[in-house]
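The next block holds one structure in the form of structure tokens; read it before the comments.
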Amino acid sequence: MKKDIILAGVGGQGIISLAAIIGLAALNKGMYLKQSEVHGMSQRGGDVMSNLRISDNPIYSDLIPCGQADLIISLEPMESLRYLPYLNPHGWLIANKAPYVNIPNYPNLDDIYKEITRIEKHVLIPADELAKEIGNEKVVNMIVLGASAPHLGFGKEEMLDAIRQMFKNKGEDVVNQNIQAFEIGYNFKQN
Amino acid sequence: MNKLLLLGDEAIAQAAIDAGLSGIYAYPGTPSTEIPEYVHASKQAKELNIVASWCANEKTAMEAAIGMSYAGKRAMVTMKHVGLNVAADGFINASITGANGGLIVVAADDPSMHSSQNEQDSRFYGYFAMIPVFEPANQQEAYDMVHYAFDLSEKYGLPTLIRITTRLAHSRSGVIRKEQVRPQNSLKLPEDLRQFVLLPVIARRNYKKLLSLQDKLEFEAENSGYNQYIEGTNHSLGIITCGIAYNYLMENYPNGCPYPILKIGQHPIPKKMVKKLYDSCHEILVIEEGYPLIEDHLKGMLNLGKPVHGRLDGTLPRDGELNPTLVAKALGLPATMGLPIPNIVTPRPPVLCKGCPHNDTYLALNEALKNYSKGRVFSDIGCYTLGALPPLESINTCVDMGASITMAKGAADAGLTPAIAVIGDSTFTHSGITGLVDCVVHNSNVKIFILDNFTTAMTGGQPSSAYNRLVDICKGVGVPEEHIRVLKPLPKNHEENVKAIQEELAYNGVSVIIPQRECIVTLNKRMREKFKKQTV
Ligand SMILES: Cc1ncc(C[n+]2csc(CCOP(=O)(O)OP(=O)(O)O)c2C)c(N)n1
Ligand code: SF4
């Protein structure tokens with residue numbers, strides 16, 4: 001198996017922990033991994049992305065070539081579009097529906113949704129709303145991860161194991177909250 | 001074998017710990033910061049009593065590392081590329097004194113300027129100093145090279161330079177550690193106690209020694225294994241790659257590259273290997289992350305030999321970071337491409353955090369300067385540089401660390417009075433104090449704002465050497481006490497702060513205004529940790 005994944009968002013939204021969980025699932029299967037991250041200036045509310053590459057075979061480049069990403073997973077709708085040049089023609093675009101507005105000229109939301117739904121394989125998930133429904137706004141990224149999971153190439157149990165590993169130091173409660181959120185995303189049906 | 005998942009930066013740090021490091025010295029700077037941070041956080045390093053110090057600036061860090069090497073122990077000093085400009089005096093002269101204990105300088109370059117003022121290529125500094133330079137291609141090589149660089153440093157009594165770039169620094173991959181942790185050196189001074197005395201008579205002798213070592217360093221580069229000649233079947237082209245450029249090449253040839261490759265990871269340039277490639281191929285392509293250093297050498301001024309392609313003839317872009325797609329184009333391979341970015345996608349530049357103290361300071365400054373002509377605010381490097389962008393648009397310059405105060409002085413001398421300087425607390429102790437001395441000595445009409453948020457925020461909240469010392473430093477330098485004004489930048493204090501600033505603007509002489517309030521990010525982090533402790 002080989003998956004090239006672009007994780008996108010706004011500095012501070014927590015894309016690194018998403019990458020870490022997928023990375024754990026890959027390592028548990030003995031896969032190779034490269035994950036490039038953004039540190040520095042852009043972390044202050046700018047656009048950020050991470051390239052996550054996992055494969056059964058050794059990986060050379062830390063960066064994904066244009067047109068070869070299997071997935072774009074974005075915690076913010078406009079940010080998901082910024083990386084379209086990287087998506088392969090059969091790739092999935094999974095985006096959180098809730099905008100992060102910290103610029104004065106944020107574009108019209110409906111136009112953004114229109115562009116996203118134009119992508120053949122897309123999931124547009126209202127993760128912020130779903131998180132609010134369970135009263136835990138900290139798990140938005142887990143919901144988006146859940147929605148991405150069917151396209152990541154791992155079994156559901158493998159993903160759950162990785163989540164347990166990731167949060168085990170933070171106690172049972174935190175593990176369960178994150179699993180609950182993951183399930184919500186996993187079971188989300190695009191209408 | 002157990003693999004650790006490490007950033008390139010972390011691989012270097014872990015390697016140094018495993019290779020018998022005794023001390024690491026640094027001033028933070030993207031993308032180098034995670035090297036010292038890793039050592040600071042390492043339990044192993046603590047158990048081994050490894051010294052890990054944040055220094056006032058890169059020069060003090062460099063000199064502390066040279067001092068540790070003088071005492072016979074292994075030292076590492078890390079910085080971002082522009083930090084090497086600050087440390088250059090010590091760095092270049094350390095190649096003349098030579099090293100005693102192993103000495104590694106790590107410079108992290110930032111092509112494409114993700115978080116920097118320029119994209120200078122630190123390899124040139126290595127050549128300037130005439131010392132071995134390493135360019136790891138991946139995290140594992142970064143780990144392995146540290147051991148070897150310490151060995152080479154001790155074998156020839158020279159400092160060595162490891163040069164990495166952003167992508168390697170901030171990318172994670174599996175790294176296999178060496179099984180044995182090497183013990184630290186014991187205290188052992190140089191045999192010749194005048195080796196480090198660079199009086200002309202000694203410096204000349206040392207310099208001749210450095211020159212005489214060059215052939216040996218090249219021999220090492222040919223035989224260490226970090227420069228590899230990889231034979232190919234198609235000799236119409238020969239390819240030279242440096243550092244991570246090799247990965248971008250191989251990404252394009254998953255089943256093997258048809259052309260011969262010279263993969264370079266260690267300098268000085270292994271000339272014999274270059275000649276072998278040059279002689280056996282019709283044309284040469286040089287792929288290097290950074291400036292066209294090897295390409296330029298190979299081409300020569302008149303470009304009379306075989307065609308040499310790379311950044312200089314437009315085969316690759318002259319500036320910016322490389323990637324697999326650019327390399328595919330350079331090789332004439334069909335590059336894959338997704339969909340274009342829709343027009344509605346707007347740039348999202350970084351911004352000051354909500355509730356950032358700098359924001360309140362700038363709002364007060366903007367209002368206080370309302371009746372003055374524009375263009376008189378000289379600033380510096382840190383989170384507060386974001387005040388250049390709308391909506392604040394408060395500052396007019398950002399050149400190099402410390403330049404705010406000294407540029408304001410020069411402009412005031414030219415008649416632009418009052419000139420305003422805006423500098424962060426960490427930048428002030430990095431290289432602002434000497435500028436303040438100049439201002440005081442010449443009684444320049446400058447108003448210096450030291451934005452004290454108790455931390456080095458831009459690079460992730462490292463401690464600030466200025467903490468709790470600012471007022472005393474300014475007094476000590478000779479700023480009149482009544483013109484050192486400490487403010488608390490909060491919306492509710494706005495009127496009061498504007499008034500204080502206006503009073504100082506009316507005074508003809510050096511004023512220091514210190515808006516003091518903790519960075520929101522470090523404050524939140526502190527609160528979370530406190531909360532965690534209480535609940536445990
Ligand atoms: C010579 C040099 N060293 C390091 C850096 C990286 N750097 C940029 S800003 C900064 C920290 C500035 O801290 P401070 O002045 O306290 O401002 P803050 O970010 O906290 O507002 C650092 C370390 C640099 N640009 N140049
Ligand atoms: S990190 Fe701190 S200093 Fe930097 S913008 Fe945020 S609040 Fe301001």
Residues in the stretch B:164-187: is at least one in contact with a strand residue (DSSP E or B) (Cβ under 8 Å, 6 or more places away or on another chain), in a helix (DSSP H, G or I) and either in the same structural domain as B:D296 (by TED's automatic domain parsing) or not charged (D, E, K, R) (or both)? yes
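Each row is one residue, and each column tells you yes or no for (1) at pLDDT below 95; (2) more than 9 Å from chain B (Cβ to nearest Cβ); (3) buried (at least 19 other Cβ atoms within 10 Å of the Cβ).
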| residue | (1), (2), (3) |
| --- | --- |
| A:G91 | no, no, yes |
| A:N96 | no, yes, yes |
| A:N102 | yes, no, no |
| A:N108 | no, no, no |
| A:Y113 | no, yes, no |
| A:T117 | no, yes, no |
| A:K121 | no, yes, no |
| A:D128 | no, yes, no |
| A:A131 | no, yes, yes |
(1) over 25 Å from B:V351 (Cα atoms); (2) without any contact (Cβ under 8 Å) to a residue 60 or more places away in the chain: which one isn't true of B:L523, the others all being true? (1)
Pairs where the first residue, in the stretch A:53-77, is more than 8 Å from every other protein chain (Cβ to nearest Cβ) and the second is part of a loop (DSSP other than H, G, I, E, B) and of a type in the set (D, E, K, R), C-beta under 8 Å, 6+ apart: A:R53/A:D62; A:P77/A:K97
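Conditions (1) without any contact (Cβ under 8 Å) to a residue 24 or more places away in the chain; (2) touching a Gly at 6+ places or on another chain (Cβ under 7 Å); (3) not assigned by TED's automatic domain parsing to the domain that holds B:K263, marked per residue:
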site: B:I294; (1), (2), (3): no, no, no
site: B:K299; (1), (2), (3): yes, no, no
site: B:G310; (1), (2), (3): no, no, yes
site: B:T315; (1), (2), (3): no, no, yes
site: B:G320; (1), (2), (3): no, no, yes
site: B:N323; (1), (2), (3): no, no, yes
site: B:L326; (1), (2), (3): no, no, yes
site: B:K329; (1), (2), (3): yes, no, yes
site: B:L333; (1), (2), (3): no, no, yes
Please enumerate the residues belonging to the stretch B:431-466 that are within 16 Å of ligand 2 (Cβ to nearest atom), not in a loop (DSSP other than H, G, I, E, B) and not aromatic (F, W, Y). B:I450, B:L451, B:D452, B:T455, B:T456, B:Q462, B:P463
Strands (runs of 3 or more DSSP E) lying entirely in the stretch B:217-293 (those with 2 or more residues that are of a type in the set (A, V, I, L, M) and away from chain A (no Cβ under 14 Å)): B:237-242, B:261-264, B:283-288
Take the residues in the stretch B:370-406 that are within 14 Å of another protein chain (Cβ to nearest Cβ) and farther than 22 Å from B:H81 by Cα, then tell me which one is nearest to ligand 2 (Cβ to nearest atom). B:G387
Quick check: is even one residue across the stretch B:325-345 closer than 30 Å to B:I520 by Cβ, within 10 Å of chain A (Cβ to nearest Cβ) and touching a helix residue (DSSP H, G or I) at 6+ places or on another chain (Cβ under 6 Å)? yes
Consider the stretch B:149-173. How many of its residues are crowded, with 20+ Cβ neighbours inside 10 Å and either within 14 Å of chain A (Cβ to nearest Cβ) or of a type in the set (F, W, Y) (or both)? 11
Among the listed residues A:Y86, A:Y60, identify the single one that is crowded, with 24+ Cβ neighbours inside 10 Å, among the aromatic types (F, W, Y) and modelled with pLDDT of 95 or more. A:Y86
Let me confirm something: among A:V140, A:V144, which residue is farther than 27 Å from A:Q68 by Cβ, surrounded by 19 or more Cβ atoms within 10 Å (Cβ to Cβ) and in contact (Cβ under 8 Å) with a residue 60 or more places away in the chain? A:V140
Out of B:I501, B:I520, B:I513, sole residue that is aliphatic (A, V, I, L, M), within 16 Å of ligand 1 (Cβ to nearest atom) and buried (at least 20 other Cβ atoms within 10 Å of the Cβ): B:I513
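The values are calculated or read from the model by the stated rules, or taken from the named source; none is laboratory data. None of the values given here were measured: they were computed from a predicted structure. Here the Cβ is made from the backbone with ideal geometry for all residues, glycine too, and neighbour counts use every protein chain on show.
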